[in-house]
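In what follows, a structure is listed as C-alpha cells, so that the remarks can point back to it.
Read-outs: derived from the displayed coordinates by stated rules, not from any lab. Keep in mind the model is a prediction, meaning the values are calculated, not measured. Here the Cβ positions follow ideal geometry from the backbone for every residue, glycine too, while neighbour counts run over all protein chains shown.
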Amino acid sequence: MSEKSEKLGPLEVLCDSPPYPIVRACSLLGFSRPEDVRWCRLSQFLVDHSGWWAMYRVLASWDAASMNRCLHDAKCNCGEAIPQLHRCMFSVSTGQSWTYVLGQCHRCHSMFWEEG
C-alpha cells in the first residue's frame, strides 16, 4: 500500500489588524492583551455580518458618538454587543500621527477598529 504525498501550496494569510506598532501601543491605552486577541476591522466586520448598507451608514457618520449610535444593535462574534468605540490618536517622534477608532469586547476581548 503506497500513500500519495501532495505538497501544499503557499498559504494566504489574512490579517485584519492595524499595523503592529498600533496593536502594541493599545496595551498602554488599557486594552486587555491586544497582541493576543482577535482584531476585526469594523468596515469588513459590518459587511460580513450586516451587509454594505450597515457599513455605509456607520462609516458615513465617522465620528465615534454617531458610530456608537449606529452600532447599538450590532453583535460581536461571541454574541456580546459591539463595544463602545473611542477615537485614539497615535503619534511618533517624527511628528507623524494616525487616528483610529477602537473598542474591545468585554466578553471575548476581540478588538474592533477602523482607521480614521
Checklist entry - How long is the gain from C78 to S32 if the chain were fully straight, where each residue apart is worth 0.36 nm and the alpha carbon distance is subtracted? => result 14.9 nm
Next on the checklist: At a 10 angstrom cut-off on C-beta neighbours, averaged per residue, how do the peptides 82-95, 30-43, 99-112 rank from highest to lowest?
Outcome noted: 99-112, 30-43, 82-95
